[in-house]
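Participant: Got a structure for you, questions after.
The values are calculated or read from the model by the stated rules, or taken from the named source; none is laboratory data. Keep in mind it's a predicted model, so treat the numbers as computed, not measured. Glycine gets a Cβ as well: all are built from the backbone with ideal geometry, and neighbour counts include every protein chain shown. When the accessible area is computed, the model is the full protein with side chains, heavy atoms only, and any ligands, DNA or RNA have been set aside. Shrake-Rupley method; radii C 1.70, N 1.55, O 1.52, S 1.80 Å.
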Amino acid sequence: MDKLAKARLRANLKQSLQYLSLVFNDFFVLALLFLVGAVMFWYAQSLKQLPTGKWYYPLLAALLLWLPSLTGRLVTLLKPADQQFLLTQDRYFASYLSKMRRYSLILPTLLLLLMAGVVFPFALVKAQLTVSTYVAMIGFLLLSKYSQLRLAARQLYFNQPKFATWIHLGTLALLIMIAYSQLWFLAVLSLGWAYWWRSSTDAVNWLSAIAQEQQRKNTIYAIYAMFTDVPERQLAIKRRRYLDWLLAWSKKTHNPNLFLYQRLFLRNPAYLSLVSQMVCFSVLLSLLVANGIWNLGLAMLVAFLTVYQLAPLIQAYDYQLMYLVLPIDPATRPRAGIRVIATAINGYGWLVGLSWLCLLPWSWQVLWQVPLLLIGVNLLAFGYLPLRMKKMEQK
Amino acid sequence: MSLEITHLVGGYAGFTVINDLNLNISPGETLGLIGLNGAGKSTTIKHILGLLPTRQGRITLNERTLANDPTAFKRQLAYIPETPILYPELTLKEHLQLTMLSYGLAEAEAWPKAQNLLTQFRLADKLDWLPSHFSKGMQQKVMIVCAFLADTPLLIIDEPFTGLDPLAVTRLIALIEAAKAAGKMILMTTHVLAQAQRVISKYAVLNQGTIPVVGSLAEIRKHYGLAPSDSFDLLYERLSQEQMHG
């Protein structure tokens, strides 16, 4: 099991580095540098202007330091086949997990140290925490993360209590206590607590452990998928009964392709999540930029990117055997795809337009920008999209 | 009115699996395609369904070919695969609606039939569920219901009994018998001969990509030199020996 753990960690690291090199491409790094620079500049200016010694500053510092501890779930790298081939390895599972636990600590530790560096001036100058208290807080968080991972490892066995949420909240509560009352001994206590959680002698709950790992990996893949194609990503189709009214609202169709695409769009997270993310992104951009013509331009750019990424919807069933066997006329695919994407992008237009009306300072300019945005998204849907689909179908 | 496969040569890119295969199924006939693993049963089916291009030969279904009018050709056949293949985004009810839409079935007539099939396979209370979350046996039942709902002249069933409970097997055999009586053509691959014997009119033995013999069980036995008292499993031994000796 030790050899297996090492081999899997090596393979996982290699795969992560491959994806990270795609995520941190030149454009993203440049954008990130500008963003971090802007935030740091704003932070430095704010530090100069903030009054000193407000009662809630230690609370704020504790909250910021606590955030990285929410990251770094236990990496187990278990695979579905393990329930068959490792079923007899319960005795050696603890040793496998100890390697995984150490690996799982890397990300939260790095993030915590990064956050600690950023918050340090605020904590010392404005919140007036002593260096020793600050160090105690960091130490406590590291120990707490270690404890959380031990607990997470133990919960992979049968008959274990589940209280992950309480652990996070308990960590925050203790951290705040340290910040306000310098109760260093709590950190020492947590160390003892961490060691108290010894490995379980129960059987390993393989099914649950594998499902947890699949879920964790899918979360990571979903992040990578925002930047590049991730073939390993398994999309969890959700029934989303609460959206059935949209299907009932749209006219009954006689086009099997439209029937399929409507449901694909609503239930497959690849599509609905994309539009939701793009709406949020566009609204956020509008709030940050808060300039009429720029808002319109950026909202149109995001709309274009959305349409561009939604277009492959018509090819979603190209390799689905039953789709190929059923007597469905392929000629109706583009029309069906355009209808679904046009509805989605109009939804985007209305939501972004409404956010302008509700969240931006009132001006007449906003009133004419909303119809312009709606005209723009329809031009994309009925002007650009058919051309792109034609090109896709010809390939 | 028949399925005619003449001199079919095919397989996968750079790999010939089917070699000069000839087969004919007439209305009201159930043909059992039998053979060892890797003999080419599923490949033959893929050629009929149009999932693989034919290199040589011709497949006609009621005088229609896939090349002339793919949609019209496909509307004449329904397929039950060995492993259920479902749309993860569709509920059971929507799978039935899609079948009706694709095959151009009138809903007023199709729904009572669907309800009857759903009741037979104990799925009537799961219409609003996503079948992708069903057990394998239940998923296979969904495939069976959709295929029989389509009511096509040709039904292709690949290993139909895998994963089904005995009750479902009995119901499926009854449906095949009824379809046969209604003049449908049925092509079935199976290794479970004990159950298949009840509905199969004639057998085609597929070996090394070709069909050396088509006939009743007695004719197949005779062809392979098996005594009437011999277990039919001995046939597979003979096929294996033939493969080993080229």
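Participant: Relative contact order for region B:84-150 using alpha-carbon pairs under 8 Å, separation at least 6, rounded to a whole percent?
Facilitator: Values: 60 pairs, mean separation 36.1, N = 67.
It rounds to 54 percent for region B:84-150.
Participant: Here's a follow-up. What's the total accessible area buried between chains A and B, using a 1.4 Å probe, rounded to the nearest 100 Å²? List each step's numbers first, then the result.
Facilitator: Numbers: alone 23100 and 11510 Å², together 32200 Å².
That pair hides around 2400 Å² of surface in total.
Participant: Mean separation of Cα pairs under 8 Å and 6+ residues apart, divided by the residue count of region A:17-124: what relative contact order is that in percent?
Facilitator: Values: 36 pairs, mean separation 41.6, N = 108.
This gives 39 percent for region A:17-124.
Participant: Same structure again: Near residue B:15, within a Cβ-to-Cβ distance under 14 Å, what is the net charge of the other residues, with Lys and Arg +1 and Asp and Glu -1? Don't jump to the answer; show the numbers that get you there.
Facilitator: Values: positive: B:46, B:55; negative: none.
Summing Lys and Arg as +1 and Asp and Glu as -1 gives +2.
Participant: A follow-up question, please. Out of residues 5 or more away from residue B:79 or on other chains, whose amide H comes under 5 Å of its own, with H placed 1.01 Å from N in the peptide plane?
Facilitator: Hits under the 5 Å cutoff: B:156.
Participant: Let me ask you something else. Given C-alpha coordinates of region A:2-222, what is the ratio Rg to Rh with the Kirkwood estimate of Rh?
Facilitator: On the Cα set of region A:2-222, Rg over Rh gives 1.03.
Participant: Have a look at the DSSP beta bridges in the protein assembly as shown and tell me what percent are antiparallel, nearest 5. Walk me through the intermediate numbers first.
Facilitator: Values: 18 of 35 bridges.
In the protein assembly as shown, DSSP labels about 50 percent of beta bridges as antiparallel.
Participant: Please compute the alpha carbon radius of gyration of region A:80-151, then divide it by the globular-protein estimate 2.2 N^0.38 Å. Two decimals is fine.
Facilitator: Working: Rg = 18.1 Å, N = 72, 2.2 N^0.38 = 11.2 Å.
The value comes to 1.62.
Participant: Pick from B:24, B:207, B:37: which residue has the top mean-square fluctuation in a GNM of chain B where Cα pairs under 10 Å get a spring?
Facilitator: Comparing B:24, B:207, B:37 in the GNM, the peak value goes to B:37.
Participant: Under a 10 Å cutoff between Cα atoms, tell me which one of B:216, B:42, B:229 has the largest fluctuation in the Gaussian network model of chain B.
Facilitator: B:229
Participant: Still on this structure, please answer the following. Sequence-distant or interchain residues sharing an amide H contact under 5 Å with residue B:17, placed H: which?
Facilitator: B:10, B:11, B:12
Participant: Another question, if that's okay. How large is ³J(HN,Hα) for each residue in region A:313-327, as worked out from phi by the Karplus curve 6.51 cos²θ - 1.76 cosθ + 1.60 (θ = phi - 60°), to whole Hz, x for Gly and Pro?
Facilitator: Along region A:313-327, the couplings run 3, 6, 9, 4, 9, 4, 10, 8, 4, 5, 5, 6, 7, 5, x Hz.
Participant: Related question: How large is the Rg to Rh ratio of chain B when both quantities use alpha carbon positions and Rh follows Kirkwood? Before the final figure, lay out the partial values.
Facilitator: On the way: Rg = 18.3 Å, Rh = 18.8 Å.
Ratio of gyration radius to Kirkwood radius for chain B: 0.97.
Participant: Please compute the net charge surrounding residue B:235, taking Lys and Arg as +1 and Asp and Glu as -1 over other residues with Cβ under 14 Å from its Cβ.
Facilitator: Numbers: positive: B:221, B:222, B:238; negative: B:219, B:230, B:233, B:237, B:242.
So the surrounding residues net to -2.
Participant: May I pose another question? So what's the back-of-envelope 222 nm ellipticity for the protein assembly as shown, counting only DSSP H runs of four-plus at -39500 (n - 2.57) apiece and dividing by all residues, rounded to 500? Before the final figure, lay out the partial values.
Facilitator: Working: 26 runs with 376 residues, N = 641.
Estimated from H runs of four or more residues: -19000 deg cm²/dmol.
Participant: Averaged across the residues of B:95-101, what count of C-beta atoms belonging to other chains lies within 10 Å of each residue's C-beta? Present the calculation step by step, with values, prior to reporting the outcome.
Facilitator: Working: counts 1, 0, 4, 8, 3, 1, 11.
What the average comes to for B:95-101 is 4.
Participant: Taking the Cα centre of region A:32-109 as the origin and placing charges on Cβ (Lys, Arg +1; Asp, Glu -1), which of A:74, A:46, A:35 is farthest toward the positive end of the dipole?
Facilitator: A:46
Participant: On a 0 to 90 degree scale, rounded to 10, what angle separates helix A:292-310 from the longest Cα axis of chain A?
Facilitator: 80
Participant: Can you tell me the orientation of helix A:385-394 relative to chain A, as the angle in degrees between its alpha-carbon axis and the longest Cα principal axis, to the nearest 10?
Facilitator: The angle comes out near 90 degrees.
Participant: In region A:231-247, which residues give up 30 Å² or more of accessible area once the other protein chains are added, compared with their chain alone (1.4 Å probe)?
Facilitator: A:237, A:239, A:241
Participant: Computed on alpha carbon atoms, what radius of gyration and Dmax characterise region A:218-265, expressed in Å?
Facilitator: In order Rg, Dmax, the Cα atoms of region A:218-265 give 14.6, 39 Å.
Participant: Have a look at B:105, B:205, B:215 and report the one farthest towards the positive end of the charge dipole of chain B, computed about the Cα centre with Cβ charges (Lys/Arg +1, Asp/Glu -1).
Facilitator: Going by the charge dipole, the pick is B:215.
Participant: Mind listing the phi-derived Karplus ³J(HN,Hα) values for region B:121-132, rounded to whole Hz, using 6.51, -1.76 and 1.60 with θ = phi - 60°, and x for any glycine or proline?
Facilitator: After applying 6.51 cos²θ - 1.76 cosθ + 1.60, I find 9, 6, 10, 4, 8, 10, 4, 8, 8, 8, x, 5 Hz.
Participant: If we count every other residue with Cβ under 14 angstrom of residue A:313's Cβ, Lys/Arg +1 and Asp/Glu -1, where does the sum land? Mind dumping the intermediate values first?
Facilitator: Details: positive: A:263, A:267, A:333, A:335, A:339, A:388; negative: A:318, A:393, B:89.
My count for the surroundings of residue A:313 gives +3.
Participant: Return the long-range amide H neighbours of residue A:157 (sequence gap of 5 or more, or a different chain), with a cut-off of under 5 Å between placed amide H atoms.
Facilitator: Result for residue A:157 returns A:205.
Participant: Oh, and also: Could you rank B:244, B:185, A:177 by how accessible they are, 1.4 Å probe, largest area first? Walk me through the numbers on the way to the answer.
Facilitator: Numbers: B:244 145, B:185 5, A:177 85 Å².
Result, largest first: B:244, A:177, B:185.
Participant: Further question: Of A:251/B:74; B:41/B:184; B:113/B:141, which pairs sit farther than 23 Å apart, going by alpha carbon to alpha carbon? Walk me through the numbers on the way to the answer.
Facilitator: Details: A:251/B:74 27 Å; B:41/B:184 20 Å; B:113/B:141 15 Å.
The pairs that break the limit, which is 23 Å between Cα atoms, are A:251/B:74.
Participant: Another question about this same structure. Return the FRET efficiency for the residue pair residue A:364, residue A:39: r is the Cβ-Cβ distance, R0 is 45 Å, and the value is rounded to the nearest 0.05. List each step's numbers first, then the result.
Facilitator: Numbers: r = 33 Å, r/R0 = 0.73.
Calculated value: 0.85.
Participant: A further question follows. Rounded to the nearest 20 debye, what is the charge dipole size of chain A about its Cα centre when +1 sits on each Lys and Arg Cβ and -1 on each Asp and Glu Cβ? Write down the numbers at each step before the final one.
Facilitator: Numbers: 37 positive and 12 negative charges, 123 e Å.
It works out to roughly 600 debye.
Participant: At residue B:65 and residue A:281, where each label point lies 7 Å from the Cα along Cα→Cβ, what is the point-to-point distance in nanometres?
Facilitator: Here the answer is 4.9 nm between the modelled labels.
Participant: Which helices of chain B meet both criteria: a Cα extent of 27 Å or more along the helical axis and a mean Kyte-Doolittle score no lower than -0.5, with helices taken as whole DSSP H segments? Don't skip to the answer; put the middle values down first.
Facilitator: On the way: long enough: none.
TM-like helix candidates: nothing returned.
Participant: Work out from phi, with θ = phi - 60° and the Karplus expression 6.51 cos²θ - 1.76 cosθ + 1.60, the ³J(HN,Hα) of each residue of region A:47-59, listed in order in whole Hz, and give x for Gly and Pro.
Facilitator: 4, 5, 8, 5, x, 9, x, 5, 5, 8, 4, x, 4
Participant: Compute the long axis of helix A:269-289 from its Cα atoms, compare it with the longest principal axis of the Cα atoms of chain A, and write down the angle in degrees, 0 to 90, nearest 10.
Facilitator: 80
Participant: Output the relative contact order of chain B, whole-number percent, from Cα pairs under 8 angstrom with separation of 6+ residues. The partial results should precede the final answer.
Facilitator: Details: 420 pairs, mean separation 68.6, N = 246.
Averaging sequence separation for qualifying contacts and normalising by length gives 28 percent for chain B.
Participant: For region B:49-121, what is the Kirkwood estimate of the hydrodynamic radius, computed as the reciprocal of the mean inverse distance between distinct Cα atoms, to one decimal in Å?
Facilitator: Values: mean 1/r = 0.0687 Å⁻¹.
The Cα-based Kirkwood calculation yields 14.6 Å.
Participant: Compare the peptides A:93-100, A:32-39 by average per-residue count of other Cβ atoms within 10 angstrom and give them in order, highest first.
Facilitator: Working: A:93-100: 20.0, A:32-39: 10.5.
Peptide ranking by packing, descending: A:93-100, A:32-39.
Participant: Here's something else I'd like to know. If you build a Gaussian network model of chain A, linking Cα atoms that sit under 10 Å apart, which residue out of A:339, A:216, A:73 swings the most?
Facilitator: A:339
Participant: Per residue of A:264-275, what is the mean number of Cβ atoms on other protein chains within 10 angstrom of that residue's Cβ? Mind dumping the intermediate values first?
Facilitator: Working: counts 4, 1, 1, 6, 2, 0, 0, 1, 0, 0, 0, 0.
The mean count of partner-chain Cβ atoms within 10 Å per residue comes to 1.
Participant: Residue by residue through A:322-334, how many Cβ atoms from other chains fall within 10 Å of the Cβ on average? Please report the intermediate quantities before stating the final value.
Facilitator: On the way: counts 12, 4, 7, 12, 12, 16, 7, 3, 2, 1, 0, 0, 0.
Mean shielding by partner chains, rounded to a whole number: 6.
Participant: A further question on this structure: Which semi-axes, in whole Å and largest first, does the equivalent ellipsoid of the protein assembly as shown have when worked out from the alpha carbon gyration tensor as the square roots of 5 times its eigenvalues? Don't skip to the end; give the middle numbers.
Facilitator: Numbers: eigenvalues 676, 243, 88 Å².
They are 58, 35, 21 Å, listed largest first.
Participant: In whole percent, how big is the carbon plus sulfur part of the accessible area of chain B, probe 1.4 Å, protein atoms only? Show your work: numbers first, answer last.
Facilitator: On the way: 5310 of 10310 Å².
Heavy-atom surface of chain B belonging to carbon and sulfur, 1.4 Å probe: 51 percent.
Participant: Then there's this: Among all the lysines, which ones have a C-alpha under 26 Å from residue A:126's C-alpha, if same-chain residues fewer than 8 places away are not counted?
Facilitator: Partners found: A:48, A:54.
Participant: Using a Cα-Cα cut-off of under 16 Å, which lysines could be cross-linked to residue A:6, ignoring same-chain neighbours fewer than 8 residues away?
Facilitator: The qualifying lysines are A:14, A:79, A:99.
Participant: Something else: Per-residue counts of other Cβ atoms within 10 Å, averaged by peptide: what ranking do you get for A:383-391, A:289-297, highest first? Please report the intermediate quantities before stating the final value.
Facilitator: Values: A:383-391: 14.0, A:289-297: 15.7.
Those peptides, ordered most packed to least, come out A:289-297, A:383-391.
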